[in-house]
Amino acid sequence: MILTPKYFQFGAQRHDERTVYRLIRASVLMVIVFSIGTFGYWFLSDGHTLLECMYMTVITLTTVGFSEVIQISGNPKLELFTIVLIFFGMGTVLYFVSALMTFILEGEMRDLIWSRRMEKKITKLSGHFILAGFGQTGAHVLPRLIEQGKKVVVIERELRENLQACVTKDAMYVLGDATEDNTLLKAGIKSAAGIIFSLGNDKDNLFGTITARGLNPNLVIIAKGEEQSSRQKFIMAGASKVIFPNEIGAAKMASEVIKI
């Protein structure tokens with residue numbers, strides 16, 4: 001079973017469509033104005049290169065005050081063109097900057113708000129489960145825990161789209177390294193009932209098991225293993241049980257073949 005909209009609905013995207021369309025529209029207008037300015041100076045001036053005309057357009061639109069490479073004074077056509085370019089161009093530049101800042105700040109603010117809300121929710125949890133690692137195995141574990149009515153906190157290193165799907169009433173997330181004390185504490189390991197380590201390799205899962213056991217001696221720890229030789233190490237590290245997905249999958253495949 002994989003994650004589907006049946007289990008998750010995105011509470012809010014990093015950027016809504018209006019913000020994206022506004023930035024695209026502002027960018028297109030900016031390109032149009034810049035092109036009009038560049039080619040306008042190129043056609044109206046004598047002997048100036050496109051690079052010089054581009055430079056003239058930039059300093060005109062941004063009003064930085066550098067020296068003019070094209071002599072405007074005394075040329076009515078260039079003076080009139082520059083007035084029109086400034087009049088329409090400045091508005092376009094301000095619109096573009098506003099759209100860009102909204103696009104950047106909106107994403108950062110939403111991430112900050114989500115993070116704060118998540119921390120508040122997690123501090124109120126008790127008897128919940130922590131899923132460390134949201135890869136292929138974790139994506140199958142999570143919906144089953146939710147089906148059983150369990151409260152779950154997912155730990156992952158970075159915010160991905162499939163992890164954003166956890167922002168629901170059914171699951172929460174913490175960004176960070178699941179082998180570190182601070183990350184596990186943020187996930188509420190002190191009050192958790194159990195943790196499942198489904199990280200990328202035995203080394204990380206083993207180290208995470210040691211860390212988790214040290215933080216909560218009564219915690220049920222289920223660790224994913226890759227090599228059978230590591231089973232005893234996991235047990236010694238404090239794992240309650242070690243699961244080998246490859247072994248289970250191979251046994252299942254063999255049993256299906258036998259039925260033929």
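Derivation of every value follows stated rules applied to the coordinates shown; laboratory data play no part. What you see is a predicted model; the values in this text were computed from it and never measured. Counting neighbours? That spans all protein chains shown, and the Cβs are built from the backbone with ideal geometry, glycine included.
Please list 128-135, 31-38, 69-76 highest first by mean number of surrounding beta-carbon atoms within 10 Å per residue.
Numbers: 128-135: 24.0, 31-38: 16.6, 69-76: 12.4.
With the highest mean Cβ count within 10 Å placed first, the list reads 128-135, 31-38, 69-76.
Quick one: Cα centre-to-centre distance for the stretch 173-205 and the stretch 43-64, in angstrom? Each part's Cα centre sits 57 Å from the other's. When the Cα convex hull of the stretch 17-114 is projected onto planes of every orientation, the mean area is 7.2 nm².
Amide H to amide H distances under 5 Å link residue 152 with 129, 172, where only residues 5 or more positions off or on other chains count and H is placed in the peptide plane. Ordered by the count of other Cβ atoms within 10 Å of each Cβ, fewest first, 198, 240 give 240, 198.
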